[in-house]
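Laboratory data are not the source of any read-out in this text; all were calculated from the coordinates shown. Bear in mind the structure is a predicted one, so any value in this text is a computation, not a measurement. Note that each Cβ is placed from the backbone with ideal geometry, even for glycine, and that neighbours are counted across all protein chains shown.
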Amino acid sequence: MKKPRIIMFCMLLCLLIAGCENRDSELYEQGMAALEKEDYVTSIAMFQGAVEAGERLAESYRGKGIAYLNSGEYEKALEAFENSLSSMKYPNDSFSRDVKLYEVKACMSLEALDQAIGICDEILEAKGDADAFFLRGRAYFLKKEYDLAKADFDQAVNLEENYAMCLDIYELYQESALKADGNRYLEMAEKIVPENTADEYELGCVYYYLEDDQKAAEMLNRAVEGGSVEAFMLLGRIYLDDGRTSDAKALYQSGLSGEGFEAAANNGLALCALSDGDTSGALTYIDEGLKTADENIREELLFNQIVAYEQNHDFAQAKNLMSVFLKSYPENEEAIRENQFLQSR
């Protein structure tokens with residue numbers, strides 16, 4: 001439904017430290033451009049070239065670490081982040097914090113929870129930090145130290161009132177069959193007044209989890225009017241889940257003529273076709289959607305393509321596509337489960 005919150009690119013931090021680094025940074029800039037395009041192979045190569053050329057070492061190692069992190073090479077990511085910190089020529093608290101938070105993400109992915117907690121402790125020694133409290137709480141939660149987790153989550157929400165953090169905390173509880181304990185964070189989020197389209201989408205997610213489909217639909221419609229593709233996709237899902245297929249189809253058809261909505265609309269129409277047993281129609285919509293899809297919608301389209309071939313009893317093609325899919329999206333849990341089924345066919 002939404003991207004993991006954790007950390008976004010901190011371009012300002014790069015600019016802050018850039019003034020103290022080598023100004024000849026062509027390879028670094030090429031690495032950043034590839035990173036923004038999610039071309040991690042090229043990004044890693046460019047950042048490695050920058051490192052070898054001595055260009056903006058701290059930033060280049062950081063960028064390399066982000067690329068490794070996003071491509072699932074967590075040990076290499078952690079090493080790059082450590083090199084970034086050790087390569088800093090001048091103290092910069094904001095840059096150090098940013099890299100350390102990425103380090104925590106790498107540690108969490110490696111299930112090195114105590115190491116993640118230790119890094120968060122270092123950040124929190126300097127000052128209260130919502131991200132560090134949230135990530136340390138998540139590590140405690142995964143260790144099943146729920147009282148410590150709750151204390152950190154509460155600190156995080158008190159420091160930074162936003163929907164995304166409340167939703168992330170709720171989802172942790174939900175995934176651990178502790179949904180009732182997580183509901184309090186939805187209730188906190190429900191009290192936040194939305195200020196923009198992104199907030200309207202997040203509040204729609206809150207109502208969706210609270211199983212108030214009417215309020216969810218109202219808020220998501222507002223976000224769709226503001227141009228939110230994510231809200232468009234969730235609103236369609238609500239209609240389909242409620243059996244309102246005609247409303248879902250009407251929504252998706254309207255998206256075909258909306259700038260930026262085409263891929264999501266084709267994906268939705270493919271879902272409608274699959275629910276009607278029209279696998280040929282679904283594949284046509286998927287092929288059309290792939291022409292304009294960004295990476296997030298592409299993942300859904302490619303997965304639905306596999307489902308379409310599976311429904312069409314073409315298991316050989318479904319297996320071939322699944323093999324390629326899992327190489328690109330190894331952490332897609334739904335695909336992992338579906339692959340187990342396919343291997344039995």
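Data overview
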| read-out | value |
| --- | --- |
| Point-charge dipole on Cβ atoms (K/R +1, D/E -1) for region 191-240, about Cα centre, debye to 20 | 80 debye |
| Cα shape, region 273-345, gyration tensor, a/c 1.5 rule | oblate |
| Computed FRET value (nearest 0.05) for Asp154 with Glu195, which takes r as the C-beta separation and R₀ as 25 Å | 0.60 |
| Size of electric dipole in region 276-318: Cβ of Lys, Arg +1 and of Asp, Glu -1, about Cα centre, debye, nearest 20 | 100 debye |
| Order by protection proxy (mean Cβ within 10 Å, highest first), peptides 161-173, 271-283 | 161-173, 271-283 |
| Phe341 paired with Gln311, simple spin-label distance in nm, labels 7 Å along Cα-to-beta-carbon | 1.2 nm |
| Cα lying deepest toward the dipole's positive end in region 280-342, options Leu321, Ile336, Leu302, charges on Cβ | Leu321 |
| For the chain, calculated [θ]222 nm from helices alone, where every DSSP H run of n ≥ 4 adds -39500 (n - 2.57) | -24000 deg cm²/dmol |
| Share of alpha-carbon pairs per 5 Å distance bin for region 73-226, given as whole % | 2, 9, 17, 18, 16, 14, 12, 8, 4, 1, 0 |
| In region 188-283, the trypsin sites (Lys or Arg not before Pro) that fall in loop regions by DSSP, at most 14 other Cβ within 10 Å | Lys191 |
| Mean separation of Cα contacts under 8 Å (6+ apart) over length of the chain, as relative contact order % | 7 percent |
| Cα gyration tensor category, rounded, prolate or oblate, for region 120-178 with a/c compared to 1.5 | oblate |
| Option label - Rg and Dmax of the Cα atoms in Å computed here, alternatives (i) 24.9, 85; (ii) 21.8, 62; (iii) 26.0, 90 | (ii) |
| Restricting region 305-345 to GluC sites (Glu not before Pro) in coil, as DSSP defines it, with at most 12 other Cβ within 10 Å | Glu331 |
| Unit charges on C-beta of K, R, D, E only; dipole of the chain, Debye | 440 debye |
| Positive dipole terminus of the chain, leading residue within Tyr163, Leu69, Gly255 (C-beta point charges) | Leu69 |
| Shape category assigned to region 216-307 from the gyration tensor of Cα positions, a/c cut at 1.5 | oblate |
| Whole-angstrom gap from region 71-119 to region 192-260, using each part's C-alpha centre | 36 Å |
